[in-house]
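Note sheet for the following structure.
Nothing in this text is a laboratory measurement; each read-out follows from the coordinates by a stated rule. Predicted model, so just to flag it, every value in this text is computed and none were measured. Positions of Cβ are backbone-derived with ideal geometry, glycine not excepted, and every protein chain shown enters the neighbour counts.
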Amino acid sequence: MDGPVYLDYNATTPVDPRVTEAMLPYLTAWFGNPSSSHPYADRPRRALADARAQVAALIGAQAAQMVFTASGSEANLLAVRGAVLAAGRPRPHVITQATEHPAVLETCHALARLHDARVTVLPVGGDGLVNPAALAAALRTPCWCR
């Protein structure tokens, strides 16, 4: 083998040829914004509704419950921010770990800045694990205090 070996499949992977084939018409001919009201949006809107229904059926959910994001980072932000803000607490407490993905850590820091969330970032040991006692202590700390 000549050249580098790619080992970062956590970040991105090659697109399956079947996905490329299914997407190609929407990247070339039917590229309209599915949220728009003009005729270019019709086919993409129908395709998006079909995809939403297929994913929902695959996991036993309702199509209206499906939210597609552009990336894993966007999905992380949506999940963490949504869970914290949905809790409805005056001062939510978020506990994470130092080795978490930057998208999660940055979302936590944004929650602290924008919503006064208290963020505890637990260190990890040389084995990459959180000390259970540190987690227990973070869970015991009241989140309403400063």
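Counting only helical runs of four or more DSSP H residues, what would the 222 nm mean residue ellipticity of the chain come to if each run contributes -39,500 (n - 2.57) and the total is spread over all its residues?
Details: 5 runs with 68 residues, N = 146.
Helix-only estimate at 222 nm: -15000 deg cm²/dmol.
Grab the alpha carbons of the range 17-65, take their convex hull, and tell me the volume per residue in Å³.
68
Where in the range 26-127 are there GluC sites (Glu not before Pro) that are in a DSSP coil and have at most 11 other Cβ atoms within 10 angstrom of their Cβ?
none
Could you tell me which label, among (1) 72; (2) 64; (3) 54, carries the value of percent of Cα pairs over 18 Å apart calculated for this structure?
(1)
Send over the semi-axes of the range 72-140's equivalent ellipsoid, whole angstrom and largest first, taken as the square roots of 5 times the C-alpha gyration tensor eigenvalues.
Working: eigenvalues 86, 48, 16 Å².
The answer is 21, 16, 9 Å, longest axis first.
Below 15 angstrom from the Cβ of Pro25, what's the summed charge of the other residues (Lys, Arg +1; Asp, Glu -1)?
Values: positive: Arg18, Arg43, Arg45, Arg46; negative: Glu21, Asp42, Asp50.
Combined, the nearby Lys, Arg, Asp and Glu give +1.
If I take every Cα pair under 8 Å that is 6 or more residues apart in the range 72-140, average their sequence separation and divide by the length, what percent do I get for the relative contact order? Numbers along the way, then the final one.
On the way: 71 pairs, mean separation 21.5, N = 69.
The value is 31 percent.
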